[in-house]
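**Q** Please see the structure below; I have some questions.
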Amino acid sequence: VTAFDVIVIGAGPAGEVCAGALGQAGFGVALVERELIGGECSYWACMPSKALLRPADALAETRRVPGAREAVDGDVDARATLRRRDEVIHDRDDAGQLPWLADRGVSLVRGHGRLAGERRVAVDGDELDARRAVVLATGSSALLPPIPGLREARPWTNREATTASAVPARLAILGGGVVGVELAQAWASLGAEVAVIEAADRLVGREEPFAAEQVAASLRRRGVALHLGAKATRVSRDGEVAVELETGETVRGDELLVAIGRRPRTDDLGLETVGLEPGSSIDVDERLRSPGRPWLYAIGDVNGRTLLTHMGKHQARLVARSIGGEASALLPSAALPPRVVFCEPQIAAVGHTLQSAREAGLPVRAVDVETGSTAGASFHGRGEEGTCRLVVDEDRRTIVGATFTGPDVAELLHAATIAVVAAVPIDLLAHAVPSFPTRSEIWLGLLEQLDRR
Ligand SMILES: Cc1cc2nc3c(=O)[nH]c(=O)nc-3n(C[C@H](O)[C@H](O)[C@H](O)COP(=O)(O)OP(=O)(O)OC[C@H]3O[C@@H](n4cnc5c(N)ncnc54)[C@H](O)[C@@H]3O)c2cc1C
């Protein structure tokens, strides 16, 4: 048995950051990983999906700017895009990550980790003991719904859909959430004929309705067929894949991507040895600890709180501080974190939507301005579409939510995140002056709208 201060299982973004922070603080840390250091995010999720989306984005922006657009003829080059994607995911080789861990004194243990009782972890044949804590960071995998014929049809999950080496002629996608929408746009921009099947009557269900409508219109303009309010009842594969819908329609594709949600990787993690339920998300308190087990933490997708890389990394930093003896807990604002859908228009949001604020009983009103209404926007070209909305608590005079849509609005989001998390009073925000001519002057328009009523 080898002993460490802390054992972290899973080296995705959450586990890697936690192990690195603990190592830097001087703890003896073992990081257990059965696949690649960097996890789903680096090789099969965030990074490759953004690499597939970016060329069409850059081209669209160039086409909006007179003077630059004349230099462009032709379309996105699919082969070069796929090659760039491979470069971004380092051809699925994690060697580049090792020096970062070594610099922080983290001991990497390759293999499948399982809890073997309190503060003990078995990795294949070896037993490791944790003097202080075990941190579970095993992430999530694609959820396959129990639709007859689906498994036998060998569907794509996010893994195949982000690493495919050729563009399918026709791609059917089950699910119109963030993953479905981003990958629909990515593959359509590379030349695939794409159809999205979504059971709800709109895309990206939790975001503002105007954002969903703008993205739907943009996908339709790119030739993506949207089947909204459509339930898939049966799938079959005979060369091509056929998805039968409740309406009697059939959607066909050469490949079928399933993007309807995630399941935590807890099936084979030894949870039963500490009285927890295998297969479920690991329930944690605000300090990311398993209730009644002060030595056990769970961070990232596996605790089911917010399935986003930056939030998993945030949880990781809090846990490293807690283990170091500082009481560090999530703030309530972490429940509605900053989030971006990287399609065109992008959707960048933080905190409440108007509807979720009303459902939470907050006395709110919303103000909207067009994203293209600043002088700065003119340099981003003609015909920049999109809307910026603030949701304001009228009693407290603070912003409780913001949604921006439009090209590249992701980079505008952080100002709103600061305003929401720090509950900056509106009257003080008026003194936070954006530079001229930047798109951040959108804040002036929004505050002016607020004053007007
Ligand atoms: C297509 C797609 C696009 C996305 N885009 C974004 C985005 O743009 N921005 C964003 O913030 N989020 C995005 N996400 C979500 C993001 O990928 C996840 O939130 C993030 O990867 C979760 O990190 P994690 O460390 O919790 O888990 P993971 O990244 O899943 O890593 C967990 C690691 O644990 C390892 N592991 C599991 N079980 C064991 C075991 N028993 N023993 C040893 N090792 C084990 C796994 O091999 C894996 O390496 C996207 C997701 C998808 C599917």
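Coordinate-derived values only; no laboratory data. Remember, it's a predicted structure, so these values are computed and weren't measured experimentally. Cβ coordinates were reconstructed from backbone atoms using ideal geometry, including for glycine residues, and neighbour counts include every protein chain displayed.
**Q** To the nearest 20 Debye, how big is the dipole of region 1-89 about its Cα centre, given +1 on the beta carbon of each Lys and Arg and -1 on that of each Asp and Glu?
**A** It works out to roughly 220 debye.
**Q** Report, in deg cm²/dmol and to the nearest 500, the calculated mean residue ellipticity at 222 nm for the chain, where each DSSP H run with n ≥ 4 adds -39500 (n - 2.57) and the sum is divided by the residue count.
**A** Calculated from helices alone, the mean residue ellipticity at 222 nm is -8500 deg cm²/dmol.
**Q** Follow-up. Using the beta-carbon distance between VAL424 and PHE379 and R0 = 22 Å, what value does 1/(1 + (r/R0)^6) give for FRET efficiency, to the nearest 0.05?
**A** Given R0 = 22 Å and the Cβ-Cβ separation, E is 0.20.
**Q** Between GLU118 and SER280, how high is the FRET efficiency from 1/(1 + (r/R0)^6) when r is the Cβ-Cβ distance and R₀ = 25 Å? Nearest 0.05.
**A** For R0 = 25 Å, the calculated efficiency reads 0.80.
**Q** Another question, then. First measure r as the distance between the Cβ atoms of ASP395 and ASP238, then evaluate 1/(1 + (r/R0)^6) with R0 = 56 Å and state the FRET efficiency to the nearest 0.05.
**A** 0.40
**Q** Assuming a ≥ b ≥ c are the square roots of the Cα gyration tensor eigenvalues, decide whether the chain counts as rounded (a/c under 1.5), prolate (otherwise, with a/b larger than b/c) or oblate. Could the numbers behind the result be given before it?
**A** Details: a/c = 1.69, a/b = 1.22, b/c = 1.39.
Cα axes put the chain in the oblate bin.
**Q** Enumerate the calculated ³J(HN,Hα) couplings along region 89-98 in order (Karplus 6.51 cos²θ - 1.76 cosθ + 1.60, θ = phi - 60°), each rounded to whole Hz, writing x wherever the residue is Gly or Pro.
**A** Residue by residue, region 89-98 yields 9, 6, 6, 6, 10, 9, 4, x, 7, 5 Hz.
**Q** I've got another one for you. Would you mind calculating the gained length between ARG83 and GLU160 on full extension (0.36 nm times residue separation, minus the Cα-Cα distance), in nm to one decimal?
**A** Length gained between ARG83 and GLU160: 26.2 nm.
**Q** Under a point spin-label approximation (7 Å from Cα along Cα-to-Cβ), what is the GLU411-THR273 distance to one decimal in nm?
**A** 4.9 nm
**Q** Okay, next question. Once the dipole of the chain is set up with Lys and Arg at +1 and Asp and Glu at -1 on Cβ about the Cα centre, which of VAL8, GLY28, VAL76 lies farthest towards its positive end?
**A** GLY28
**Q** Okay, moving on. With +1 on each Lys and Arg Cβ and -1 on each Asp and Glu Cβ, and nothing else charged, work out how big the dipole of the chain is about its Cα centre, in Debye to the nearest 20.
**A** 400 debye
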